[in-house]
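The values are calculated or read from the model by the stated rules, or taken from the named source; none is laboratory data. Quantities reported herein were computed from a predicted structural model and do not represent experimental measurements. FYI the Cβ positions are ideal-geometry reconstructions off the backbone, even for glycines, and counts take in every protein chain you see.
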Amino acid sequence: MATQEPGHGDCLLEVRGLTKIFGELRANDGIDLEIRSSEIHALLGENGAGKSTLVKMLFGSLEPTSGQIIWKDKPVVISSPGQARALGIGMVFQHFSLFEALTVAENIALSMDDDVSIENIAEQAAVLSREYGLPLDPNAHVADLSVGERQRIEIVRTLLQNPELIILDEPTSVLTPQEADKLFETLEKIRSEGRSVLYISHRLEEVQRICDRATVLRHGKLTGDCDPRAETPASLATMMVGSEVKSVSNTGGNITDQVLIETKQLSAPARTPFAVELKDIDLTVRAGEIIGIAGVAGNGQSELFDVLSGEETTDNAGDLRICGTDAGRMGISARRLLGAGFVPEERHGHAAVSSMSLSENMVLARHMSDASTFLTGGPLKIIRYDAVKNASERIIKEMDVRMSGVDPEASSLSGGNLQKFIVGRELDRKPSVIIVNQPTWGVDAGAASRIRQALIDLADAGSAVVVISQDLDEIFEVATSIAVINEGRLSEAEPASDMTLERIGLLMGGIHGEDSPVGDTEMEAAHAH
Amino acid sequence: MSLIEAVLLTITTAATPLLLAAMGELVAERSGVLNLGVEGMIVMGAVVAFAIAQLSGNPYLGALCGAIAGCVFSLLFGLLTLTLVTNQVATGLALTILGLGLSGMIGESFVGEPGVQLEPIAIPLLDQLPLLGPLIFKQDAIFYLSILCVIGVSWFLFRTRLGLQLRAIGDSHGSAHALGISVIKTRYYAVMFGGACAGLAGAQLSLVYTPQWVENMSAGRGWIALALVVFASWRPLRVLAGAYLFGAVTIGQLHAQALGFGIPSQFLSALPYLATILVLVIISRNRRLTLMNTPASLGQSFVPDR
């Protein structure tokens with residue numbers, strides 16, 4: 001694969017000791033990376049591992065705190081995306097920046113620097129898209145195109161600039177399997193021309209399939225540099241989720257027999273081509289128990305959360321029981337009235353309205369479940385601001401939320417502080433059931449431990465807790481039992497004290513391991529493709 | 001001149017101000033700015049054009065000053081909505097109210113004064129054509145400008161890079177900004193073009209249509225122009241067709257009254273708006289039509305992040 005080209009050496013891009021510090025957070029800590037000519041190089045890591053930060057520095061949108069970038073044996077400073085493009089680095093973003101009302105050719109023309117006529121660009125784009133097997137109609141309107149086709153526009157747009165290194169940020173996260181197969185063919189074609197690809201992903205299977213080498217990041221640090229084809233999914237997963245698992249601090253003291261959440265053979269079809277179908281989910285959570293649901297991103301975590309919280313209802317009311325009541329057909333507020341609380345993954349726009357104040361956000365979530373506290377009686381249901389103010393002050397004090405001013409807008413808080421408030425908003429009700437998705441994603445260490453402690457305290461007080469998380473450290477820290485979700489199937493929950501990292505890695509990879517204690521039917525079911 | 005010729009000629013005269021004002025608004029809306037102040041800009045153009053023409057005796061100077069007045073008035077709108085980021089709908093409505101009041105004050109001494117008419121210019125040979133000759137080739141300068149405006153705007157929007165950038169801004173100002181296109185500057189130019197067109201439309205009213213000054217003489221044409229842009233789903237040639245259709249309805253309503261038809265004139269005056277609602281319903285019927293036809297960032301303020 002290391003084809004020597006005249007004019008430059010084997011190494012196209014080299015990164016030495018690259019570090020980026022945001023305040024207290026070391027988003028990238030002394031990263032070394034080497035990308036050779038004509039190779040597909042994987043950058044692996046969980047959400048928040050620092051992949052995007054690294055790539056942004058390579059593309060000139062972020063300035064490194066320290067470290068060196070060497071492009072074709074020459075040290076360079078990349079200060080803007082334009083400069084990166086001039087060097088020969090192109091990037092395809094995860095969220096596209098296309099104009100829906102314009103045609104494909106017009107979209108491409110807008111990002112071209114030269115004043116080429118639209119007809120010429122249409123022609124060039126058509127030739128290029130044929131060459132790479134990326135069928136595109138230059139005169140089609142973007143609004144009519146599928147996500148896969150839109151990604152092709154971005155790729156063709158990047159290829160038209162004739163780059164030597166193409167960075168793809170989680171390209172398959174929006175693609176159907178068929179579209180992904182086509183993308184892989186294109187990437188192999190790009191490689192065969194002597195260009196290199198930096199392929200960001202957390203999907204082990206595709207990385208093993210198409211990548212020549214892999215660099216693995218975890219918590220901003222380099223944890224692996226390997227040939228993915230020589231590794232097993234379990235060993236790759238171990239590099240991604242870390243091996244420094246802390247001792248289990250929560251073995252669960254007083255788990256009772258009272259079942260508060262129960263699903264039996266819960267299935268939900270995929271709602272979009274990119275969603276995951278939930279298959280035969282069996283989940284039982286008792287009072288005092290914390291179930292951690294681990295898994296690689298995009299295996300059905302958000303779909304499971306939606307079904308449990310009531311954002312999506314199930315077909316039969318009995319598919320889900322909360323506190324002994326059939327809740328499958330209930331909406332979110334009705335489930336809250338049963339004593340449940342929910343913390344979704346997205347802080348802005350989902351768990352909180354960014355432009356509204358903290359107390360208003362609290363009323364929005366709890367106006368039904370705590371109507372008697374926050375609203376006056378009668379038909380008008382006027383908001384009782386004194387009660388609201390007391391409650392939000394109580395939450396702020398309880399969760400140690402740091403903010404400026406009295407009752408500021410949600411958008412003015414840092415991620416960690418807003419998350420503390422959102423979790424506190426639910427805990428303040430003393431819910432008997434709480435379901436949280438990625439409770440400490442992108443949150444600083446102090447806030448994360450505050451949130452985890454609060455969840456443990458709630459379980460100790462006799463509530464049932466479900467923590468969906470991609471952070472294994474977190475799961476080991478809080479959970480009494482651990483289950484793994486893979487391709488929409490949930491493994492049987494096992495006591496955290498019996499769980500080993502190897503076993504979780506195998507369950508997460510979704511691939512049979514010869515050395516694993518198979519034979520139990522749940523495992524068979526969980527891994528059937 | 002036959003009766004049909006005379007009717008068609010009045011339709012042309014009625015359609016020209018609608019066409020001009022709507023073309024200007026189309027450009028502004030294509031860039032994502034909703035300027036509801038069209039009525040105010042028309043009436044300002046009308047009063048300034050009349051006053052300058054009357055004082056100087058030169059209707060061309062009057063028309064030019066009418067366009068400039070509309071442009072300056074729209075600049076006020078631009079300053080408020082683009083630089084100071086005020087709400088576009090509220091600011092546009094305020095501009096209309098201000099324009100109606102201010103023009104009444106400026107025009108007070110001109111009420112009842114005889115005006116100066118913009119004389120038709122015959123284009124040699126072509127004006128000898130039967131029917132088309134007097135209808136199209138023996139018209140005033142503003143009529144010719146309105147037709148050139150349609151051709152020019154079509155060419156600009158769909159054939160030039162700047163036009164492409166303007167449409168891109170109207171579709172997604174965030175993405176356009178990320179690509180390095182100057183959103184605010186482009187919108188200023190688009191708004192000012194819209195103002196100049198509306199001002200010229202006003203000049204046509206007070207120099208061609210009825211060469212005199214009457215308070216509130218725009219008589220709701222700004223609103224029809226706004227409706228027309230939506231009716232035409234933001235396409236210049238459809239604006240041309242729509243302007244003549246709405247112009248015909250206006251004239252038809254007068255003739256229907258004169259001939260004593262049983263249709264209430266109020267119904268006919270409401271027709272343009274009913275047609276617009278119908279078009280909106282059709283466009284909103286499916287997501288694709290909405291995405292393809294509506295500038296997606298229309299009416300949204302843009303603040304570039306630093």
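Considering only the stretch B:174-188, I want to know if a residue exists there that is more than 14 Å from chain A (Cβ to nearest Cβ) and under 19 Å from the mean Cα position of the chain (by Cα). Working first, answer last.
Residues of the stretch B:174-188 that are more than 14 Å from chain A (Cβ to nearest Cβ), as a first pass: B:184-185, B:187-188.
With under 19 Å from the mean Cα position of the chain (by Cα) added as a condition, the list becomes B:187-188.
Checked the stretch B:174-188: at least one residue is more than 14 Å from chain A (Cβ to nearest Cβ) and under 19 Å from the mean Cα position of the chain (by Cα).
Picking from B:Thr96, B:Thr16, B:Thr12, B:Thr81, which residue would you name as being in contact with a Phe, Trp or Tyr (Cβ under 6 Å, 6 or more places away or on another chain) and part of a helix (DSSP H, G or I)? Spell out the reasoning first.
Details: B:Thr96 fails: in contact with a Phe, Trp or Tyr (Cβ under 6 Å, 6 or more places away or on another chain); B:Thr12 fails: in contact with a Phe, Trp or Tyr (Cβ under 6 Å, 6 or more places away or on another chain); B:Thr81 fails: in contact with a Phe, Trp or Tyr (Cβ under 6 Å, 6 or more places away or on another chain).
Step by step, each of B:Thr96, B:Thr16, B:Thr12, B:Thr81 is checked, and only B:Thr16 is in contact with a Phe, Trp or Tyr (Cβ under 6 Å, 6 or more places away or on another chain) and part of a helix (DSSP H, G or I).
If you go through the stretch A:48-63 one residue at a time, how many are touching a helix residue (DSSP H, G or I) at 6+ places or on another chain (Cβ under 8 Å) and not in a loop (DSSP other than H, G, I, E, B)?
1
Within the stretch A:374-400, track down each residue that is in contact (Cβ under 8 Å) with a residue 24 or more places away in the chain, buried (at least 20 other Cβ atoms within 10 Å of the Cβ) and not hydroxyl-bearing (Ser, Thr, Tyr).
Selection gives A:Val388, A:Ala391, A:Ile395, A:Ile396, A:Met399.
Identify, please: which residue in the stretch A:138-153 is within 14 Å of chain B (Cβ to nearest Cβ) and among the β-branched types (Val, Ile, Thr) and is, among those, nearest to A:Val127 (Cα to Cα)?
A:Ile153
Any residue at all in the stretch B:154-161 that is more than 14 Å from every other protein chain (Cβ to nearest Cβ) and outside any strand (DSSP E or B)?
Yes, there is a match, as at least one residue in the stretch B:154-161 is more than 14 Å from every other protein chain (Cβ to nearest Cβ) and outside any strand (DSSP E or B).
Given the structure, is B:Ala168 in contact with a Ser or Thr (Cβ under 8 Å, 6 or more places away or on another chain) and within 14 Å of chain A (Cβ to nearest Cβ)?
Answer is yes for this residue.
Restricting to helices (runs of 4 or more DSSP H) lying wholly in the stretch B:231-306: which have 3 or more residues that are modelled with pLDDT of 85 or more and away from chain A (no Cβ under 14 Å)?
Filter on the stretch B:231-306 gives B:236-259.
Taking only the stretch A:400-416 into account, find how many residues are at pLDDT 85 or above and not in a loop (DSSP other than H, G, I, E, B).
Selection size over the stretch A:400-416: 2.
Looking only at the stretch A:64-96, which residues are in contact (Cβ under 8 Å) with a residue 40 or more places away in the chain and either in a loop (DSSP other than H, G, I, E, B) or within 14 Å of chain B (Cβ to nearest Cβ) (or both)?
Scanning the stretch A:64-96 gives A:Pro64, A:Thr65, A:Lys72, A:Asp73, A:Arg85, A:Gly88, A:Met91, A:Phe93, A:Gln94, A:Phe96.
Give me the pairs: first residue in the stretch A:223-240 and assigned to a helix (DSSP H, G or I), second residue of a type in the set (D, E, K, R) and crowded, with 17+ Cβ neighbours inside 10 Å, beta-carbon distance under 6 Å, and six or more apart or on different chains, which are they?
Once the first residue is assigned to a helix (DSSP H, G or I) and sits in the stretch A:223-240, its partners that are of a type in the set (D, E, K, R) and crowded, with 17+ Cβ neighbours inside 10 Å give A:Met240/A:Glu46.
Output the number of the condition that A:Gly133 fails; it satisfies all remaining conditions of (1) within 14 Å of chain B (Cβ to nearest Cβ); (2) touching an Asp or Glu at 6+ places or on another chain (Cβ under 7 Å); (3) over 18 Å from A:Ser111 (Cα atoms).
Exception for A:Gly133: condition (1).
Do we have B:Gln204 as within 11 Å of another protein chain (Cβ to nearest Cβ), part of a helix (DSSP H, G or I) and either out of contact with any His (no Cβ under 9 Å at 6 or more places or on another chain) or at pLDDT 95 or above (or both) here?
In short, no.
Return the only residue of A:Thr272, A:Thr256, A:Thr314 being assigned to a loop (DSSP other than H, G, I, E, B) and under 18 Å from the mean Cα position of the chain (by Cα).
The match here is A:Thr272.
Can you tell me which residue in the stretch A:417-456 is farthest from A:Asn299 (Cα to Cα), limited to those that are at pLDDT below 90 and of a type in the set (Val, Ile, Thr)?
The extreme case among them is A:Ile451.
Every residue in the stretch A:251-306 that is among the basic types (Lys, Arg) and farther than 27 Å from A:Gln453 by Cα, please.
A:Lys264, A:Arg271, A:Lys279
Just to be sure I understand the filter: pairs with C-beta atoms under 8 Å, separated by 6 or more residues or on different chains, first member in the stretch B:138-153 and in contact (Cβ under 8 Å) with a residue 60 or more places away in the chain, second member loosely packed, with under 15 Cβ neighbours inside 10 Å and acidic (Asp, Glu). Which pairs pass?
B:Asp140/B:Glu119
For the stretch B:77-100, indicate whether the set of residues that are surrounded by 21 or more Cβ atoms within 10 Å (Cβ to Cβ), under 30 Å from B:Glu119 (Cα atoms) and within 13 Å of the chain's Cα centre (by Cα) is non-empty.
Within the stretch B:77-100 (the criterion being surrounded by 21 or more Cβ atoms within 10 Å (Cβ to Cβ), under 30 Å from B:Glu119 (Cα atoms) and within 13 Å of the chain's Cα centre (by Cα)), the answer is no, since none of the residues qualifies.
Applying the selection to the stretch A:89-143, what residues are among the β-branched types (Val, Ile, Thr), out of contact with any His (no Cβ under 7 Å at 6 or more places or on another chain) and modelled with pLDDT of 80 or more?
Across the stretch A:89-143, the qualifying residues are A:Ile89, A:Val92, A:Val104, A:Ile108, A:Val127, A:Val142.
For every residue, the table says whether it meets (1) surrounded by 11 or more Cβ atoms within 10 Å (Cβ to Cβ); (2) more than 22 Å from B:Gly92 (Cβ to Cβ); (3) within 24 Å of the chain's Cα centre (by Cα).
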residue: B:Ala243; (1), (2), (3): yes, no, yes
residue: B:Ala248; (1), (2), (3): yes, yes, yes
residue: B:Gln257; (1), (2), (3): yes, yes, no
residue: B:Tyr273; (1), (2), (3): yes, no, yes
residue: B:Arg288; (1), (2), (3): yes, yes, no
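Within the stretch B:43-61, restricting attention to residues that are over 16 Å from B:Ser109 (Cβ atoms) and within 18 Å of the chain's Cα centre (by Cα), which residue is surrounded by the most Cβ atoms within 10 Å (Cβ to Cβ)?
B:Gly45
Hey, among A:Ala459, A:Ala464, A:Ala479, A:Ala496, which residue is farther than 24 Å from A:Ile396 by Cα and either modelled with pLDDT of 90 or more or buried (at least 24 other Cβ atoms within 10 Å of the Cβ) (or both)?
A:Ala479
Could you tell me whether A:Gly324 is surrounded by fewer than 16 Cβ atoms within 10 Å (Cβ to Cβ) and over 26 Å from the mean Cα position of the chain (by Cα)? Please lay out each step first, then the result.
Working: surrounded by fewer than 16 Cβ atoms within 10 Å (Cβ to Cβ): yes; over 26 Å from the mean Cα position of the chain (by Cα): yes.
When the stated conditions are applied, A:Gly324 passes them.
Take the conditions assigned by TED's automatic domain parsing to the domain that holds A:Gly509 and either more than 21 Å from the chain's Cα centre (by Cα) or closer than 13 Å to A:Gly288 by Cα (or both) and apply them to A:Thr440. Does it pass?
Considered against the rule, which asks whether it is assigned by TED's automatic domain parsing to the domain that holds A:Gly509 and either more than 21 Å from the chain's Cα centre (by Cα) or closer than 13 Å to A:Gly288 by Cα (or both), A:Thr440 comes out as no.
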